[in-house]
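Where a number appears in this text, it was derived from the coordinates with a stated rule and is not lab data. A quick note: this is a predicted structure, and the numbers were derived from the prediction, not measured. A quick note on method: Cβ atoms are made from the backbone with ideal geometry, for glycine too, and the neighbour counts reach across all protein chains shown.
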Amino acid sequence: MNADVAHPDPQARPVKLAPSLLSCDFTRMADDLQAIGDADWAHVDVMDGAFVPNISFGLPILAAARRASPLFMDVHLMIEAPERYLKDFAAAGADGLTVHVESTPHIHRAVQMIKELGKKAGVTLNPGTPLEAIKPVLADVDLVLIMSVNPGFGGQKFIPQSLDRIRTVRHWLDDLGSPAELQVDGGVTPQNARAVVHAGASCLVAGSAVFGADGPRAGLERFREALK
Ligand code: DX5
Ligand code: ZN
C-alpha cells in the first residue's frame, strides 16, 4: 500500500486550516476574514523584499485584520533580522510569530523573545535548508512550519520532496513528545491535502486554493471535503 494515499485519521490529529491572507481581496479584507470565520487560524505573510524577492504588507495590515476578526493571527515573518520587529508584531495583534532560521544568526534568541512576549513561537525553514537547522530549538517551539515552496509568492507548485521533510519532523516531534503544531505552507490544495496530513502535518496553510474564483467559503469547503 502506498502510505501517501492512506487516509489520514482526523480523530488522531485534528487538522487546522489556516487560509493565507496574501491571496485575499485587500479591498475587502474584512469581508474575506468574515468568510473564513470558521477556519482555525488566519495566516499572515509578511515579506520585506530582502529576505524574499517580494514585498507583501506589514504592521498596519495585521492591525486591521486584528480589528476585523477574532481568528488566531498566525504571522509568518519572511523578513531579515526579525528580532527587530517581534515586539511590534505582537503589539499589532499577532497570536503566533514564526521566524525563519535563515533570517537571523540568533534563532534561539528570536524564539525566546517571542515566548517572552507571551506569543506562540514558530520556527521555519526554506525547502533548500537542511532540516537539522531547526533541531536546536525544536523542544522550545509551539510550531514548526515546513515550507513546501520557496517563500515569496502565492500560487506556486507544491515541492514533492516536502512530504519526506514533513515525515522526518513528525518523527522528531513525536520522539520529543512535543505537542507543537506541524504546519505546511505552499502549494497546498484539496488534491494534496490528505497526503500532507498523512505525512504528519497538523495545520495546513492555503492561499490561492482557498481564495479562488468562487470565494473563500467554497474554497474552505473543498478542503473540508478532501479531509473527511
Ligand atoms: C509563500 C507564503 C504562503 C502563501 C501560500 O511565501 O508563505 O503562505 O500565501 O500561497 P499558496 O497556498 O497559494 O501556495
Ligand atoms: Zn506563509
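Would you kindly derive the ³J(HN,Hα) couplings of the stretch 24-29 from the backbone phi angles with the Karplus curve 6.51 cos²θ - 1.76 cosθ + 1.60 (θ = phi - 60°), listing them in order in whole Hz, with x for Gly and Pro?
7, 8, 5, 6, 9, 4
Report the calculated FRET efficiency for ALA30 and PHE72 (r = Cβ-Cβ distance, R0 = 30 Å), to the nearest 0.05.
Numbers: r = 17 Å, r/R0 = 0.56.
Between ALA30 and PHE72 the formula returns 0.95.
For the stretch 73-137, take the convex hull of the Cα atoms, compute a quarter of its surface area, and give me that in nm², please. Intermediate values should be presented prior to the final figure.
On the way: hull surface 15.9 nm².
Approximately 4.0 nm², given one-decimal rounding.
Measuring from a point 7 Å past the Cα of ASP88 along Cα-to-C-beta, which residues in the stretch 39-65 have an amide N at less than 17 Å?
Within reach of a label on ASP88, which here means backbone N under 17 Å from a point 7 Å along Cα→Cβ, the stretch 39-65 contributes 45-52, 55-65.
Sorting HIS106, HIS198 on the 10 Å Cβ count, fewest up front, what's the list?
Ascending number of Cβ neighbours within 10 Å: HIS106, HIS198.
Excluding residues fewer than 8 places away in the same chain, name every one of the lysines whose C-alpha is closer than 29 Å to that of LYS87.
Straight-line reach from LYS87, under 29 Å: LYS16, LYS115, LYS119, LYS120, LYS135.
From the phi of every residue in the stretch 66-75, what ³J(HN,Hα) in whole Hz does the Karplus formula 6.51 cos²θ - 1.76 cosθ + 1.60 yield, where θ is phi - 60° and glycine or proline is x?
Once rounded to whole Hz, the list reads 4, 5, 8, 8, x, 4, 4, 8, 9, 9.
Translational diffusion coefficient of the chain at 20 °C, 1.002 mPa s, Stokes-Einstein with Kirkwood Rh over Cα pairs, in µm²/s as a whole number.
Values: Rh = 17.4 Å.
The diffusion coefficient I find is 123 µm²/s.
By DSSP, what percent of the beta bridges with both residues in the chain are antiparallel, rounded to the nearest 5? Mind dumping the intermediate values first?
On the way: 1 of 34 bridges.
Restricted to the chain, the bridges split so that about 5 percent are antiparallel.
Determine, from the Cβ-Cβ distance of LEU59 and GLN112 and an R0 of 22 Å, the FRET efficiency 1/(1 + (r/R0)^6), rounded to the nearest 0.05. Could the numbers behind the result be given before it?
Numbers: r = 22 Å, r/R0 = 0.99.
Rounded to the nearest 0.05, the efficiency is 0.50.
How high is the FRET efficiency between ASP214 and GLN156 when r is their beta carbon distance and R₀ equals 22 Å, given to the nearest 0.05? Mind showing how you got there, number by number?
Working: r = 21 Å, r/R0 = 0.96.
Calculated value: 0.55.
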